[in-house]
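Asker: Here's a structure for you.
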Amino acid sequence: MEHARRGVMLVLASPSGAGKSSISRALFADDPNIALSVSVTTRARRTDEKDGVHYHFIDVPAFEKMRAEGELLESAEVHGNFYGTPRSRVEERLSNGRDILFDIDYQGTLQLYEKCRADMVTIFILPPSIKELRKRLERRAQDSAGTIDKRLKNARIEMQHYNEYDYVLINEDLEDSTSRVRTILAAARLERSRFLQLDKFVKDLQDQIDSL
Ligand code: 5GP
């Protein structure tokens, strides 16, 4: 039986190229109850990205205004650009029992831990090897050689934070990793703390015993 529950904040973190976006896409394809938290960013849009779908692309003054007005649940500077999570959609989804996936870095994850740890389940994704990571970054070929080097250096820093996450996945095979993420999400949805008005439900059951 389904009991009303609060949504799950599922955080997927990994160095660029470790497979996070492919896993998220596969997850969204067959699970209508989870959607991406669309971040705002000051980074330039890549050719295959759509404004409002992958990110909300905004300029630095607009970003600073949102941050100053408390509209961002967390924010960070990554690879020299600003990123942030708009607050309103997250709150709305969680209270409607809908789950939300965050593709954010460790700085953002730590900020969310401070504010909403009980709503969160976090997964850190590692590449099977650096050879494979570089290959994936080059295959993507949307970034210049200099950018790829910068992303590899950043990967080293990002990896240092694996132990701040609830789960670690080594992404060797997309299908297998996606299935592991689905398992983690399925368990998170069943945690007692997410169920709403469980006290009342149990009290009703007890009352029924009392009135036998
Ligand atoms: P990319 O520019 O490749 O899309 O993302 C670069 C990095 O920024 C990734 O590690 C991604 O997880 C992170 N990122 C994307 N959006 C956000 C956000 O809203 N907040 C934080 N803290 N990091 C983000």
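Asker: Relative contact order (percent) for region 10-125, with alpha-carbon contacts under 8 angstrom and 6 or more residues of separation?
Answerer: Here the relative contact order equals 41 percent.
Asker: Extending each Cα 7 Å along its Cβ direction at Glu64 and Asp210, get the distance between those two points in nm, one decimal.
Answerer: In this crude label model, Glu64 to Asp210 measures out at 6.1 nm.
Asker: If you don't mind, there's one more thing I want to ask. Can you tell which of Asp199, Asp51, Asp119 shows the greatest fluctuation in a Gaussian network model of the chain with Cα springs below 10 Å?
Answerer: Asp199
Asker: Relative to a virtual label point 7 Å from the Cα of Asn33 in the Cα→beta-carbon direction, which members of region 122-138 show backbone nitrogen distances below 18 Å?
Answerer: Within reach of a label on Asn33, which here means backbone N under 18 Å from a point 7 Å along Cα→Cβ, region 122-138 contributes 122.
Asker: Could you compute the net charge surrounding Pro32? Neighbours are other residues with a C-beta less than 13 Å from the C-beta of Pro32; K and R count +1, D and E count -1.
Answerer: -1
Asker: Residue separation times 0.36 nm, minus the C-alpha to C-alpha distance between Ile130 and Asp173: what's the value? Each step should come with its number before you reach the end.
Answerer: On the way: separation 43, 0.36 × 43 = 15.48 nm, distance 1.52 nm.
In short, 14.0 nm is gained.
Asker: To continue, here is another question. What percentage of the solvent-accessible surface of the chain, computed with a 1.4 Å probe over protein heavy atoms, is contributed by carbon and sulfur atoms? It would help to have the intermediate numbers written out before the result.
Answerer: Working: 6100 of 11950 Å².
C and S atoms contribute 51 percent here.
Asker: Magnitude of the Cβ-charge dipole of the chain, K/R +1 and D/E -1, about the Cα centre, nearest 20 debye?
Answerer: Values: 33 positive and 35 negative charges, 111 e Å.
Roughly 540 debye, rounded to the nearest 20.
Asker: Would you kindly state how much longer the chain becomes between Ser144 and Arg43 on full extension, computed as 0.36 nm times their sequence separation minus their alpha carbon distance, in nm to one decimal? It would help to have the intermediate numbers written out before the result.
Answerer: On the way: separation 101, 0.36 × 101 = 36.36 nm, distance 1.45 nm.
Here the answer is 34.9 nm.
Asker: Please list the equivalent ellipsoid semi-axes of the chain, computed as the square roots of five times the alpha-carbon gyration tensor eigenvalues, in descending order and whole angstrom. Walk me through the numbers on the way to the answer.
Answerer: Values: eigenvalues 238, 87, 41 Å².
In descending order the semi-axes read 35, 21, 14 Å.
Asker: Across region 55-207, how many lysine pairs, 8 or more positions apart or on different chains, have C-alpha atoms separated by under 19 Å? Please give the number. Numbers along the way, then the final one.
Answerer: Working: Lys131/Lys150; Lys131/Lys153; Lys135/Lys150; Lys135/Lys153.
Going through region 55-207 pair by pair, I get 4.
Asker: Share of antiparallel DSSP beta bridges in the chain, in percent to the nearest 5? List each step's numbers first, then the result.
Answerer: Values: 9 of 29 bridges.
The antiparallel proportion sits near 30 percent.
Asker: Cβ under 12 Å from Gly52's Cβ, Gly52 left aside: what net charge do those residues give with Lys, Arg +1 and Asp, Glu -1? Let's see the in-between values first.
Answerer: Working: positive: Arg45, Lys50, Arg89; negative: Glu49, Asp51.
Combined, the nearby Lys, Arg, Asp and Glu give +1.
Asker: Here's another thing I want to ask about it. Give me the percent relative contact order of the chain, please, defined on Cα pairs under 8 angstrom at least 6 residues apart.
Answerer: Working: 292 pairs, mean separation 71.0, N = 212.
Rounded, it is 33 percent for the chain.
Asker: Identify which of Ser16, Ser37, Ser144 has the largest mean-square fluctuation in a Gaussian network model of the chain, with springs joining Cα atoms closer than 10 Å.
Answerer: Ser144
The values are calculated or read from the model by the stated rules, or taken from the named source; none is laboratory data. These figures come from a predicted structure and were not determined experimentally. Neighbour counts are summed over all protein chains in view; Cβ atoms, including those assigned to glycine, are modelled from backbone coordinates with ideal geometry. Surface areas here come from the heavy atoms of the whole protein model, side chains and all, with no ligands, DNA or RNA. Shrake-Rupley method; radii C 1.70, N 1.55, O 1.52, S 1.80 Å.
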